[in-house]
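Here the structure comes first, spelled out in structure tokens, and everything after it is commentary.
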Amino acid sequence: MPQKTLAEGSREGAAVAGQAEASPKRWWILAVIAIAQLMVVLDATIVNIALPSAQTDLGFSDGNRQWIVTAYALAFASLLLLGGRIADLFGRKPAFLVGVVGFAAASALGGAANGFTMLVVARALQGAFGALLAPAALSLLNTTFTDARERARAFSVYGAIAGAGGAVGLLLGGVLTDALDWRWTLYVNVAIAVVAFAGGWILLGNHRDAANAKLDVPGTVLVAAGLFSLVYGFSNAETHDWDSPLTWGFLIAGGLLLAAFTWWQTRAAHPLLPLRILLDRDRAAAFLAVLITGAGMFGVFLFLTYYLQLNLGFSPTKTGVAFLPMVAALMVTAQAGTTVLIPRLGPKTVIPLGFAIATAGMAWLTGIGLDSHYGSAVLPQLIVIGVGLGLVMPPAMQLATGGVAAEDAGVASATVNAMQQVGGSIGTALLNTLAASAATDYLAGRDATSGLVRAQATIESYTTAFWWSAVLFAAGAVIAFLLHRRGVPERDASAAPVVHM
């Protein structure tokens with residue numbers, strides 16, 4: 001049987017949503033989904049601040065330290081599409097609940113780790129169960145809210161968590177490490193999971209929109225191996241040169257495997273990722289916006305964390321607090337962007353504007369120096385960046401998942417998460433490499449034994465990363481402007497979700 005066209009799939013998705021009655025528990029469901037999503041997003045950064053303490057406690061080397069972060073990213077990114085399809089095939093409620101329980105169990109295992117290997121295994125298991133939980137949560141949001149305005153409001157909350165969760169993770173990680181112990185950055189997930197599981201068990205209904213389909217095993221193997229190779233290649237770029245076989249070899253393999261996956265999806269009877277999800281211009285632009293935002297945001301979180309702690313002498317807790325103004329700005333503009341600006345101005349105006357504002361904020365942040373103050377050289381810039389990202393991330397997530405057929409909601413949601421994760425991996429590797437090169441270039445011909453010279457070299461590395469983040473955001477503005485169609489998203493007569501056709 002030939003695949004449905006994109007327009008047919010989107011009209012079908014809108015019709016299904018329009019006919020469904022809005023759940024009277026939908027706002028409680030949003031709270032449960034938000035809690036679960038926060039748990040997943042937190043773990044991308046919450047452990048980072050605790051790494052030095054964990055390294056001292058467990059006695060692993062600097063070279064092995066990156067695997068505490070990379071193990072999570074590899075498992076999460078490579079299994080996301082499989083997790084999304086499992087939610088479509090077997091039901092979103094069981095996928096959500098299994099994901100929550102598994103994530104909590106893996107977190108408890110990591111908190112109790114007695115060595116490096118046990119901690120890495122626990123982090124990989126966290127990523128695997130997160131890959132099941134995250135797309136199930138986003139697709140539940142997509143199918144629970146059927147009124148366009150309510151759906152926009154719900155996505156503003158979800159998108160704000162996705163965009164600001166990294167900063168919240170830095171804050172919580174700092175507080176827990178300072179007040180208790182690094183192990184509590186993992187144990188805290190158990191408490192969060194109890195609330196999410198209880199809420200999910202009571203509130204969620206189960207519906208299998210793709211119950212008659214079958215799992216695309218060849219497609220699953222190809223995309224999992226491709227995403228693993230891609231993330232692994234970029235991760236190796238942080239510890240090896242770009243000309244290392246472990247870097248370019250895995251990057252080439254990842255590209256070839258993803259190309260083979262795309263080819264297979266045009267021939268599979270039950271494709272893992274139906275290409276109708278990707279072929280719409282507005283949705284493709286939204287996916288790219290999520291990827292670029294994920295890459296550029298690391299210039300804020302990673303290098304600004306270094307600057308605040310190493311140069312300004314902030315404690316881990318104070319560092320996390322320093323990011324809160326950006327989180328607040330992001331949440332305010334997330335609400336305005338999804339509920340007011342997108343319905344009135346359309347994505348062709350709003351998303352490029354958000355990228356442009358974030359570009360200006362990142363460029364402004366390059367003015368930091370050794371004698372700078374947080375209140376003048378960091379705080380205003382963070383607020384501007386938060387305003388810009390709030391106009392990009394939540395609207396892009398809403399546009400990327402809107403208008404898809406109900407049976408594709410899980411895999412569309414997984415694609416959004418995969419874009420954000422791959423973007424983060426690209427950003428981490430690229431910006432780390434550029435920052436290290438900038439520091440090396442600055443030290444060339446200078447007295448490298450001087451503390452002042454070395455401190456200025458770190459400033460050069462940070463500002464270089466900020467400039468390149470600004471370049472990424474500027475590229476996002478251009479791509480979003482060129483790809484998005486003019487006008488505002490259309491609504492059907494029955495107040496179904498936004499359809500981007």
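The values are calculated or read from the model by the stated rules, or taken from the named source; none is laboratory data. Source: prediction; values computed, not measured. Here the Cβ positions follow ideal geometry from the backbone for every residue, glycine too, while neighbour counts run over all protein chains shown. These area figures cover heavy atoms from the full protein model, side chains too; ligands, DNA and RNA do not enter into them. Shrake-Rupley method; radii C 1.70, N 1.55, O 1.52, S 1.80 Å.
Within the set of pairs 6 or more residues apart or between chains, which connect a residue that is in a helix (DSSP H, G or I) inside region 277-300 to a residue that is of a type in the set (Phe, Trp, Tyr) and surrounded by fewer than 24 Cβ atoms within 10 Å (Cβ to Cβ) with Cβ atoms less than 7 Å apart?
Listed by first residue and then by second, the contacts come to GLY299/TRP468.
Among the numbered conditions (1) under 24 Å from VAL422 (Cβ atoms); (2) assigned to a loop (DSSP other than H, G, I, E, B), tell me where GLY313 comes up short.
Tallying (1) under 24 Å from VAL422 (Cβ atoms); (2) assigned to a loop (DSSP other than H, G, I, E, B), GLY313 fails exactly one: (1).
Quick test for you: out of ALA167, ALA160, pick the one residue that is under 28 Å from PRO343 (Cα atoms) and modelled with pLDDT under 75.
Testing whether each residue is under 28 Å from PRO343 (Cα atoms) and modelled with pLDDT under 75 leaves just ALA160.
Go through region 115-139 and count every residue that is in contact (Cβ under 8 Å) with a residue 12 or more places away in the chain and open to solvent by 10 Å² or more (accessible area, probe 1.4 Å). I'd like the intermediate steps shown before the answer.
From region 115-139, those in contact (Cβ under 8 Å) with a residue 12 or more places away in the chain are 115-116, 119-139; that's our starting set.
When the remaining residues are screened for being open to solvent by 10 Å² or more (accessible area, probe 1.4 Å), the result is 115-116, 120-121, 124-125, 128-129, 132.
Final tally of qualifying residues: 9.
For region 353-364, give me the residue count where each residue is in contact with a Phe, Trp or Tyr (Cβ under 8 Å, 6 or more places away or on another chain) and open to solvent by less than 10 Å² (accessible area, probe 1.4 Å).
Adding up the residues that qualify gives 3.
What are the pairs, 6+ residues apart or on separate chains, where a residue within region 168-180 that is within 18 Å of MET326 (Cα to Cα) has its Cβ under 9 Å from a residue that is of a type in the set (D, E, K, R) and part of a helix (DSSP H, G or I)?
If the second residue must be of a type in the set (D, E, K, R) and part of a helix (DSSP H, G or I), the pairs left are GLY174/LYS318.
Which ones in region 276-328 are among the aromatic types (Phe, Trp, Tyr) and surrounded by fewer than 17 Cβ atoms within 10 Å (Cβ to Cβ)? Give the steps one after another, and end with the answer.
First, pick out the residues of region 276-328 that are among the aromatic types (Phe, Trp, Tyr): 287, 298, 301, 303, 306-307, 314, 323.
Once the filter is applied, which keeps residues that are among the aromatic types (Phe, Trp, Tyr) and surrounded by fewer than 17 Cβ atoms within 10 Å (Cβ to Cβ), region 276-328 yields only TYR306.
Just a yes or no: is a residue in region 265-275 open to solvent by 40 Å² or more (accessible area, probe 1.4 Å), out of contact with any Pro (no Cβ under 8 Å at 6 or more places or on another chain) and modelled with pLDDT under 80?
yes
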